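Laboratory data are not the source of any read-out in this text; all were calculated from the coordinates shown. Quantities reported herein were computed from a predicted structural model and do not represent experimental measurements. Counting neighbours? That spans all protein chains shown, and the Cβs are built from the backbone with ideal geometry, glycine included.
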Amino acid sequence: MNSKTVKFLYSLAISSVYLVHLIYALTIVVGFILIWIGYFAQWDWVKNFTFRMIHLVMIGIVAVESLFNIECPLTWLQEKLMSLDRLKHGNIPFIAGIVDKILYYKFPLWVFNTVYIVFGVLVLATWFLIPPK
């Protein structure tokens with residue numbers, strides 16, 4: 001393979017992982033919001049057991065990682081792909097760059113860990129306040 005093809009494949013891989021990461025985060029946040037809106041709007045689907053269990057497990061993984069200071073596997077993979085591609089932050093692929101601005105902020109790690117754990121507790125509390133069927 002020539003270097004342009006390799007560069008394209010790395011960019012595609014990096015952008016794909018960033019998009020999966022964004023979708024994962026949005027599923028957790030938007031899911032939580034929709035559960036509460038749906039409760040008041042009396043939408044039956046927000047009490048779907050499978051949806052609620054997947055949602056709880058997703059934030060549970062994030063909260064446990066935060067509690068034990070475990071790096072997110074998606075973040076690790078993003079960084080590994082970036083380093084394998086020898087990209088500097090300024091040369092991040094376009095889509096990955098957009099997602100990076102949405103997902104990452106310059107706060108200390110403890111701020112993120114606290115937010116993830118508190119959000120996990122809120123989702124767990126919602127499980128009991130608005131129980132699934």
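Computed from label points 7 Å out along Cα-Cβ, the spacing between Val30 and Tyr104 is 2.3 nm.
Assign unit charges at the C-beta atoms only (+1 for Lys and Arg, -1 for Asp and Glu), then state the dipole size of the chain relative to its Cα centre in Debye, rounded to the nearest 20. Spell out each step's value before the answer.
Working: 10 positive and 6 negative charges, 54 e Å.
Rounded to the nearest 20 debye, it is 260 debye.
GNM on the chain, alpha-carbon springs under 10 angstrom: the most fluctuating residue among Ala96, Ala41, Ala13 is Ala41. A convex hull fitted to the Cα coordinates of segment 18-76 yields 76 cubic angstrom per residue. Taking the charge dipole of the chain about its Cα centre, with +1 at Lys and Arg Cβ atoms and -1 at Asp and Glu Cβ atoms, the residue from Ala63, Ile28, Leu124 reaching farthest to the positive side is Ile28. Projected over every direction and averaged, the convex hull enclosing the alpha-carbon atoms of segment 3-129 yields 9.0 nm². Taking every alpha-carbon pair under 8 Å whose residues sit at least 6 apart, segment 15-133 reaches a relative contact order of 45 percent. Relative to one another, the C-alpha centroids of segment 1-42 and segment 99-133 are positioned 16 Å apart. For Leu34, neighbours were defined as the other residues whose beta-carbon sits under 12 Å from its Cβ, and their charges (Lys and Arg +1, Asp and Glu -1) total +2.
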